[in-house]
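So the structure is just underneath, and the comments pick up after that.
Nothing in this text is a laboratory measurement; each read-out follows from the coordinates by a stated rule. Given the structure is predicted, the values throughout are model-derived calculations rather than measurements. A quick note on method: Cβ atoms are made from the backbone with ideal geometry, for glycine too, and the neighbour counts reach across all protein chains shown.
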Amino acid sequence: MDIKKQLGYKIKRLRQKKGLTQEQLAEKADLSVRSLSGIESGENFMSAQTMEKILNCLNISPNELFSAEHLRPTDELVEEILEIIEEVKDDRDKIENIYKVVKAINLI
């Protein structure tokens with residue numbers, strides 16, 4: 001996946017996570033829906049000014065936008081989660097925290 005598609009996918013997921021439609025984000029960022037759609041689909045690349053507007057509207061940092069570790073294949077993510085659990089399995093507090101997070105996510 002190329003950089004335009006990765007960034008577009010990330011923006012789309014963050015927008016959806018915030019409960020915004022394309023129309024709502026486009027309006028907040030002073031963009032046309034067509035421009036935002038092109039960015040999210042990876043067809044168009046955004047200018048630094050547009051990126052700043054989107055970051056501000058989504059209330060995220062550039063680091064959050066460019067972080068892509070979670071985009072790895074699902075099996076890799078599961079394997080890493082299991083490795084983390086294996087590393088902390090003897091620490092009751094950490095296991096309890098992991099349990100709480102998993103339960104909270106499972107309720108969503």
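Observations on the model:
- Shown in residue order for region 46-60 are the 3J(HN,Hα) couplings computed by the Karplus curve 6.51 cos²θ - 1.76 cosθ + 1.60 at θ = phi - 60°: 8, 6, 4, 5, 5, 4, 4, 4, 5, 4, 5, 5, 8, 6, 10 Hz (x for Gly and Pro).
- Charged-residue dipole, Cβ positions (Lys, Arg, Asp, Glu), the chain about Cα centre, Debye nearest 20: 640 debye
- Applied to region 17-22, the Karplus parametrisation 6.51 cos²θ - 1.76 cosθ + 1.60 on θ = phi - 60° returns per-residue 3J(HN,Hα) values of 4, 7, x, 9, 7, 4 Hz, with x for Gly and Pro.
- Taking each residue as 0.36 nm, the span from S47 to L107 lengthens on full extension beyond its C-alpha to C-alpha distance by 17.8 nm.
- Couplings 3J(HN,Hα) for region 10-15, derived from phi with the Karplus relation 6.51 cos²θ - 1.76 cosθ + 1.60 (θ = phi - 60°), are 5, 4, 4, 5, 5, 4 Hz, where x marks Gly and Pro.
- Pairs beyond 26 Å (Cα-Cα), from K12/K94; K10/K94; K53/K100; K5/K89; K18/K53: K12/K94; K10/K94; K53/K100; K5/K89
- Over the chain, DSSP H runs of length four or greater, each weighted -39,500 (n - 2.57), average out per residue to a 222 nm ellipticity of -21500 deg cm²/dmol.
- Which label in (i) 0.95; (ii) 1.33; (iii) 1.04 gives the computed Cα Rg over 2.2 N^0.38 Å: (ii)
- Taking 0.36 nm per residue of separation and subtracting the current Cα-Cα distance, fully stretching the chain between K5 and E76 would add 23.5 nm.
- Label-to-label distance, nm, for residues given as S67 and S32 (7 Å Cα→Cβ offset): 3.4 nm
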